[in-house]
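**Student:** Have a look at the structure that comes next, please.
Bear in mind that the values in this text are calculations on the coordinates, not laboratory data. Just so it is clear, the model here is predicted, and its values are computed rather than measured. All Cβ positions, even for glycine, are placed from backbone atoms using ideal geometry, and neighbour counts span all protein chains on display.
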Amino acid sequence: MSAKIISGKEIAAQIRDELKKDVAELKDKHGVVPGLVTILVGQNPASISYVTGKQKTAHELGFHSIQDDQPEDISEDALLDLIEKYNKDPKIHGILVQLPLPKHIDEKKVLNAIDPDKDVDGFHPVNVGRLMIGGDEVKFLPCTPAGIQELIVRSGYETSGAEVVVVGRSNIVGKPIANIMLQKGAGANATVTVVHTRTKDLEAHCKRADILIVAAGVPQLVKPEWIKPGSCVIDVGVNRVGEKISEKTGKKIAILKGDVDFDAAKEIAGAITPVPGGVGPMTITMLMKNTVKSARIAAGEGS
Ligand code: GUN
């Protein structure tokens, strides 16, 4: 039987509808409008496209949104001053500096300069630490892992007691999603294994997974025989494997493949995310969710 396809597009749209209501309520009750600034240094085409998507969504949700474009040769000090300006701005609840930054700028220094209470990317060491501690400490979950958790929960998969295997140990996906799944609480309580390039028998670990989360950056690494029948497979990989002409626009577009052999895997898994249209659409939506949360805290609701 073919797996249920978990549509990130549909689930992201559902969450955005919920956020629209939250935004209206914040405005009515407290006169607060969530504010998000995205800072883009230079003109990297992929970064422009990501930032444009973030701004478009913020605008659609009725946020106060600022796109702050800076030249490629901005000094590190000037960028740090800019961040400090937004740290102090009460109308701004979320600050995002689009990565990567030019080589002359120390990325770590820049991320550490963002007020952790406005760090809606969840990359600041304080927020990484808050996630490690768990419970009420957690403020902003990093957006891609938070989106993965929503996909699993909203497609009805039980995480409590489940064997979750995470392939990949990056700071932005592998490590945080392992931590999220390990938390005490709803949508978590899992038994978590993290596997990586030095793991001796990847296949044996993957075969045990009730929920398999793959963020390895290797096209079609996971073969169908690695998948436990009926399991939930979340493919975080976005690998450009070639180009084609879009039927819609007639323009050249990238051919994208995930880290899982989707066509074969869907005949074995119980549910699976497609690439594109799975995890991807969730990331921006979770950034919006973090910004609304930050605005709510600023309005005196919650912590
Ligand atoms: N560059 C690519 N993805 C991201 C992201 O999620 N956040 C930031 N700040 N930069 C990125």
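**Student:** Rounded if a/c is under 1.5, else prolate if a/b beats b/c, else oblate: with a ≥ b ≥ c from the C-alpha gyration tensor eigenvalues square-rooted, which is the range 167-303?
**Tutor:** oblate
**Student:** Report ³J(HN,Hα) in whole Hz for each residue of the range 185-196, in order, from the Karplus equation J = 6.51 cos²θ - 1.76 cosθ + 1.60 where θ = phi - 60°; Gly and Pro get x.
**Tutor:** x, 4, x, 9, 6, 8, 9, 10, 10, 10, 10, 8
**Student:** Which residue fluctuates the most in the chain, going by a Gaussian network model with Cα springs under 10 Å, if the choices are 24, 178, 78?
**Tutor:** Answer for the Gaussian network model of the chain: 78.
**Student:** Determine, from the Cβ-Cβ distance of residue 25 and residue 88 and an R0 of 35 Å, the FRET efficiency 1/(1 + (r/R0)^6), rounded to the nearest 0.05.
**Tutor:** Once rounded, the FRET efficiency stands at 0.85.
**Student:** Report the antiparallel proportion of the DSSP beta bridges in the chain as a percent, rounded to a multiple of 5.
**Tutor:** 15 percent
**Student:** Here's a follow-up. How far, in nm, would the chain grow between residue 184 and residue 246 when pulled straight, counting 0.36 nm per residue and subtracting the alpha carbon separation?
**Tutor:** That works out to 17.8 nm of additional length.
**Student:** For residue 222, list long-range residues whose amide hydrogen, built 1.01 Å from N in the peptide plane, is under 5 Å from its own amide hydrogen.
**Tutor:** Close amide H contacts, sequence-distant or interchain: 260, 261.
**Student:** Next up: Tell me, what ³J(HN,Hα) does each residue in the range 155-165 have, in order and in whole Hz, if you take phi through Karplus 6.51 cos²θ - 1.76 cosθ + 1.60 with θ = phi - 60° and put x for Gly and Pro?
**Tutor:** 9, x, 7, 7, 8, 4, x, 6, 7, 9, 10
**Student:** Shifting gears a bit: For the chain, what does the alpha-carbon gyration tensor say about shape, rounded, prolate or oblate, given a ≥ b ≥ c as the root eigenvalues, a/c under 1.5 as rounded, and a/b over b/c as prolate?
**Tutor:** prolate
**Student:** Starting from 0.36 nm per residue, how many nanometres of slack lie between residue 18 and residue 132 once their C-alpha separation is accounted for? Working shown, then result.
**Tutor:** Numbers: separation 114, 0.36 × 114 = 41.04 nm, distance 2.76 nm.
Here the segment from residue 18 to residue 132 would lengthen by 38.3 nm.
**Student:** Could you work out the local net charge near residue 255, counting Lys and Arg as +1, Asp and Glu as -1, over the other residues with Cβ closer than 12 Å to its Cβ?
**Tutor:** +3
**Student:** Around residue 43, under 11 Å between beta carbons, what's the net of Lys plus Arg minus Asp minus Glu among the other residues?
**Tutor:** With Lys, Arg at +1 and Asp, Glu at -1, the neighbours total -2.
**Student:** Next question, about the same structure. Compute the Cα gyration tensor for the range 1-67, then decide on rounded, prolate or oblate, letting a ≥ b ≥ c be the square roots of its eigenvalues: rounded whenever a/c is under 1.5, prolate when a/b is larger than b/c in the other cases, and oblate in all that remain. Intermediate results must be reported in sequence, preceding the final value.
**Tutor:** On the way: a/c = 4.39, a/b = 1.11, b/c = 3.97.
Since a/c reaches 1.5 but b/c is at least a/b, the shape of the range 1-67 is classed as oblate.
**Student:** Still on this structure, I have one more. Counting other C-beta atoms within 10 Å, and keeping those with at most 16, which DSSP coil GluC sites (Glu not before Pro) do you find in the range 233-303?
**Tutor:** 247, 267, 301
**Student:** Report, in degrees rounded to the nearest 10, the 0 to 90 angle that the Cα long axis of helix 45-60 makes with the longest principal axis of the chain.
**Tutor:** Rounded to the nearest ten degrees, it is 70.
**Student:** Another one. Would you mind telling me which residue in 13, 204, 146 has the biggest mean-square fluctuation in a Gaussian network model of the chain, where springs connect alpha carbons within a distance under 10 angstrom?
**Tutor:** Of the options given, 204 has the highest mean-square fluctuation.
**Student:** Let me ask something additional. Of all the stretches in the chain, which is the longest one without any exposed loop site, taking trypsin sites (Lys or Arg not before Pro) in a DSSP loop (any state but H, G, I, E, B) with at most 12 other Cβ atoms within 10 Å?
**Tutor:** Result, exposed sites excluded: 1-102.
**Student:** Counting only other residues whose beta carbon sits under 15 Å from that of residue 246, what net charge do I get with K and R as +1, D and E as -1?
**Tutor:** Taking every other residue near residue 246 into account, the sum is +3.
**Student:** Continuing with this model, one more query. Quick check on the chain: helices-only [θ] at 222 nm, where DSSP H runs of length 4 and up contribute -39,500 (n - 2.57) each and the sum goes over total residues. Nearest 500, please.
**Tutor:** -12000 deg cm²/dmol
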